[in-house]
Amino acid sequence: MTKGFTVRDSKTPKKTRVSEKTCSDPIACHKQGCRERLEEHVKLMTEIIKGPLATLVLYAEREYARATQKMLENDKELQDNLRSVFEKLLEDLEEKGILKMLVAFHDLGKCTRNFQDSLEKNCSAPYHEALSAYLLYHYFECLASVTTGFNNEDLSKHRVSLLKLVYPLILAVILHHHAMRDPNEVFDESPRELSKYVTENDTSCLQICSEKIFKAVDLSLPPNCIEGVKLDEQHLKEFFRSLKTLTGTLRILPSLYRAALLLVLPLSIADNLAAYVNRSLCVQEKTDPWSLVKKVMKDSRFSGFVRDFISSEELRRQLRGILRESIEKAMSSGGQSGRFSGNDRIR
């Protein structure tokens with residue numbers, strides 16, 4: 001583990017001039033003549049995790065809480081007083097809503113000018129999920145500072161324990177993308193690939209975008225939290241190297257890895273279903289999808305969208321079998337209720 005690595009700069013960088021529209025109204029995708037706005041996308045995802053996926057979400061969040069609590073109890077590096085501080089931080093995360101937080105962050109990496117240009121042209125943002133995960137950890141540092149009173153030196157001393165606590169969330173964001181890349185590929189390739197699309201001048205745009213997305217899902221964001229992130233290739237390398245090292249040690253903590261796999265199920269289902277519904281509505285209605293989403297979720301059209309979504313050949317090509325099976329379980333009653341019991345476990 002790299003000692004003392006940080007993704008946050010205590011000094012806020014100078015603001016640069018960016019496209020106001022790119023930052024304040026980013027898109028998730030532009031495809032077949034439809035521009036799916038990122039705000040619409042996360043709003044619908046939030047409705048889906050509260051509605052048809054509620055049971056699956058509750059199960060995944062409980063398993064995450066159980067795994068992290070076990071990690072805190074067995075972490076010999078933590079003194080008793082720090083263990084209680086970390087437990088308070090975990091309680092704060094649970095109160096905010098683990099899946100809702102993942103929804104807010106899963107596509108936040110798309111909010112750079114180069115990624116937005118690429119999404120506008122061909123709905124492509126390679127390795128955006130890696131930047132999203134990096135921003136999630138940065139947010140977690142901000143949250144730890146607010147919740148625990150830790151300064152940068154404190155965070156540096158206990159960074160390994162902090163990283164373990166948020167590891168399942170980071171991995172869930174990395175794995176949410178339809179390509180489902182191997183984590184080691186993301187850890188090794190992300191710094192170089194992201195350098196093609198991300199510059200240090202993107203911090204202001206990411207801050208503006210994150211404020212909008214957090215508001216859309218009813219979460220609060222510490223002031224200037226994202227704007228202080230370091231986006232140079234060296235800091236990205238240190239972060240992903242630390243993740244890779246930690247992944248190698250998690251053989252003794254398999255419950256954290258398992259928690260990540262459980263969290264990625266509702267996140268991936270909601271992500272793909274929200275995109276499918278929004279784009280279908282755009283094609284059919286030729287209007288702003290979000291104005292119809294809540295109405296559609298209450299009538300028969302939503303069940304139809306779910307059936308089409310499950311049987312979509314494109315979906316079957318993109319998602320691994322375990323996700324397809326989970327989609328069919330969670331949506332088995334026409335998308336109107338989530339069916340997922342404690343017996344439906346990943347082994």
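The values are calculated or read from the model by the stated rules, or taken from the named source; none is laboratory data. On a predicted model such as this, the values are computed, not experimentally measured, just so you know. All Cβ positions, even for glycine, are placed from backbone atoms using ideal geometry, and neighbour counts span all protein chains on display.
Quickly run through region 153-168 and pick out the residues that are under 15 Å from residue 89 (Cα atoms) and basic (Lys, Arg).
159, 164, listed by residue number.
Whether any residue in region 100-107 is under 17 Å from residue 224 (Cα atoms), part of a loop (DSSP other than H, G, I, E, B), in contact with an Asp or Glu (Cβ under 8 Å, 6 or more places away or on another chain) and modelled with pLDDT of 85 or more is what I want to check.
Our first condition is that a residue be under 17 Å from residue 224 (Cα atoms); within region 100-107, this holds for 104-105.
Subset that is part of a loop (DSSP other than H, G, I, E, B): none.
No, region 100-107 has no match at all.
Would you be able to say whether some residue in region 52-65 is of a type outside the set (Phe, Trp, Tyr), in contact with a Ser or Thr (Cβ under 6 Å, 6 or more places away or on another chain) and closer than 29 Å to residue 208 by Cα? Don't jump to the end; show me each part of the working.
Residues of region 52-65 that are of a type outside the set (Phe, Trp, Tyr), as a first pass: 52-58, 60-63, 65.
The next check asks that each one be in contact with a Ser or Thr (Cβ under 6 Å, 6 or more places away or on another chain); those that pass are none.
Within region 52-65, none of the residues are of a type outside the set (Phe, Trp, Tyr), in contact with a Ser or Thr (Cβ under 6 Å, 6 or more places away or on another chain) and closer than 29 Å to residue 208 by Cα.
Here is a list of conditions, (1) touching a strand residue (DSSP E or B) at 6+ places or on another chain (Cβ under 8 Å); (2) more than 22 Å from residue 24 (Cα to Cα), and residue 203 meets all of them except one; can you say which number that is?
All conditions are met except number (2).
Let's see how each residue does on (1) of a type in the set (S, T, N, Q); (2) closer than 18 Å to residue 109 by Cβ; (3) out of contact with any strand residue (DSSP E or B) (no Cβ under 7 Å at 6 or more places or on another chain); (4) part of a helix (DSSP H, G or I):
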residue	(1), (2), (3), (4)
227	no, yes, yes, yes
236	no, yes, yes, yes
240	no, yes, yes, yes
245	yes, no, yes, yes
248	no, no, yes, yes
256	no, no, yes, yes
259	no, no, yes, yes
265	no, no, yes, yes
271	no, yes, yes, yes
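Can you confirm whether region 155-177 contains a residue that is over 18 Å from the mean Cα position of the chain (by Cα), surrounded by fewer than 22 Cβ atoms within 10 Å (Cβ to Cβ) and of a type in the set (D, E, K, R)?
Yes, because at least one residue in region 155-177 is over 18 Å from the mean Cα position of the chain (by Cα), surrounded by fewer than 22 Cβ atoms within 10 Å (Cβ to Cβ) and of a type in the set (D, E, K, R).
Can you tell me which of 94, 61 is closer than 20 Å to residue 255 by Cα, within 22 Å of the chain's Cα centre (by Cα) and surrounded by fewer than 16 Cβ atoms within 10 Å (Cβ to Cβ)?
Numbers: 61 fails: surrounded by fewer than 16 Cβ atoms within 10 Å (Cβ to Cβ).
The conditions single out 94.
Hey, among 199, 247, which residue is within 19 Å of residue 170 (Cβ to Cβ), polar (S, T, N, Q) and over 17 Å from the mean Cα position of the chain (by Cα)? Talk me through it step by step, then tell me what you get.
Details: 199 fails: within 19 Å of residue 170 (Cβ to Cβ).
Checking each option against the conditions leaves just 247.
Inspect region 232-243 for any residue being of a type in the set (Asp, Glu), out of contact with any Phe, Trp or Tyr (no Cβ under 6 Å at 6 or more places or on another chain), at pLDDT 85 or above and buried (at least 18 other Cβ atoms within 10 Å of the Cβ) and give the result as yes or no.
First pass over region 232-243, keeping only residues of a type in the set (Asp, Glu): 232-233, 238.
Then drop every residue that is not out of contact with any Phe, Trp or Tyr (no Cβ under 6 Å at 6 or more places or on another chain), which leaves 232-233.
This time we only want the ones that are at pLDDT 85 or above, so: 232-233.
Retained after the next criterion (residues that are buried (at least 18 other Cβ atoms within 10 Å of the Cβ)): none.
No: zero hits.
When residues of region 110-142 are filtered for being buried (at least 18 other Cβ atoms within 10 Å of the Cβ) and among the basic types (Lys, Arg), how many remain?
2
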